[in-house]
Amino acid sequence: MSQEITKEQIAAFDADFGAQRANRVAMNAVTNNGLLASAIRREAVEQDVHEYSISLEQGEICNQKQSGRCWMFSTLNVLRQRVIAKCDLEDFSFSPTYLAFYDKLEKANLFLENILHFADQDLTDRETYTLLGSPLPDGGQWDMFANIVRKYGVVPKDVYDETYQSSNTRSMNAQLNRALKVAAAGLRRMAADKAGADAIQVEKNKTLDAIYGFLCSCYGEPPKGVLNLIDIALLRAKARQVGIKDIRQKSGDVLFTLSNLNFEAVGALCSDPDYKQRVTFLASAKEPTLRFKLANGVDSLKQSKLFVEHYTSFFQS
């Protein structure tokens, strides 16, 4: 037999709370500092000392911020450490934004294909209900990561960095989920009206085209030429180790901006037979800059790599 809470019970509860001085202390602590901070035991803090005898080399700390991309960050960090070690770099990072872009696009396609697969189901059936609950979440797992990388590759963070929306995905996801639900309703209507498969696919592809454009607005256009971009990022990382802070191509020249001017290295490079009359120091530039004239008919990236190698040898001698 059910029984409601009575005023007498409330009075008894209040009396029990007030009878214990510890309850008053807890109330004052929690209302001012929060539950978790007030629950910390000083003895536990003193015993849990974060000091370690083994120190691991690591690059700059990565931060997924307000997004659900932990599965991308963790896996890319494993790859990143291998690149740093193999190429003897101080730091290097892959772009989680690049993978997130294509993850969203592939998830949108999968969602729409599943909507068509279960088009004859009622909206309250378990599969369709679950699909519509969260069409495009941030989360993922290893097999999804492996499939994206296998299909689209990876790019350095330098060429496809974080944006506001990549680091704060809630509002973006809300718009994407709303758009996909609207598209799902349209596709289900077409299926119910016995529209042809080709017509349905045309409509689905219109949605994917709109999703691609929206992702470009949020993340920026994804870069092309993946392998070349990785080579460029590795070159820049190597160059930074010897004080070359920026590399950029301008017409038939490559400009190397120096973070600090090493007169011996610059002088040796300018007088080297291979670079004589091809390397000049731009005194008019805001920062110390070397202009390297490219040779005709030779890959500019290959020439830039050789230039950095020569500069490094003079810099370290």
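The values are calculated or read from the model by the stated rules, or taken from the named source; none is laboratory data. Treat the numbers as computed from the prediction; the structure is a model and nothing was measured. Every residue, glycine as well, gets a Cβ built from its backbone with ideal geometry; the counts of neighbours run over all protein chains shown.
Figures for the structure shown
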quantity: Evaluation of Gly243 against (1) at negative phi; (2) among the small types (Gly, Ala, Ser); (3) crowded, with 18+ Cβ neighbours inside 10 Å (one fails), failing number; calculated: (1)
quantity: Of residues in the range 145-157 being part of a loop (DSSP other than H, G, I, E, B) and β-branched (Val, Ile, Thr), the one surrounded by the fewest Cβ atoms within 10 Å (Cβ to Cβ); calculated: Val154
quantity: Residues being in contact (Cβ under 8 Å) with a residue 60 or more places away in the chain, of a type outside the set (A, V, I, L, M) and part of a helix (DSSP H, G or I) - total across the range 83-103; calculated: 6
quantity: Looking only at the range 1-56, and only at residues there that are part of a helix (DSSP H, G or I) and hydroxyl-bearing (Ser, Thr, Tyr), the one that is surrounded by the most Cβ atoms within 10 Å (Cβ to Cβ); calculated: Ser38
quantity: The range 22-59: number of residues that are within 30 Å of Arg80 (Cβ to Cβ) and among the hydroxyl-bearing types (Ser, Thr, Tyr); calculated: 3
quantity: Residue match in the range 158-173 (condition: among the charged types (D, E, K, R), assigned to a helix (DSSP H, G or I) and over 16 Å from the mean Cα position of the chain (by Cα)); calculated: no
quantity: Tabulated pairs, the range 150-165, first under 20 Å from Gly68 (Cα atoms), second part of a strand (DSSP E or B) and aromatic (Phe, Trp, Tyr), C-beta under 6 angstrom, 6+ apart or interchain; calculated: Val154/Phe94
quantity: The range 105-136 - residue that is β-branched (Val, Ile, Thr) and in a helix (DSSP H, G or I) and, of those, surrounded by the most Cβ atoms within 10 Å (Cβ to Cβ); calculated: Ile115
quantity: Criterion violated by Ala100 - all others in (1) within 25 Å of Asp198 (Cα to Cα); (2) at pLDDT 95 or above satisfied; calculated: (1)
quantity: First in the range 110-136 and touching a residue at least 40 places away in the same chain (Cβ under 8 Å) and at negative phi, second anywhere and surrounded by 13 or more Cβ atoms within 10 Å (Cβ to Cβ) and outside any helix (DSSP H, G or I), Cβ under 6 Å, 6 or more apart; calculated: Phe111/Pro135
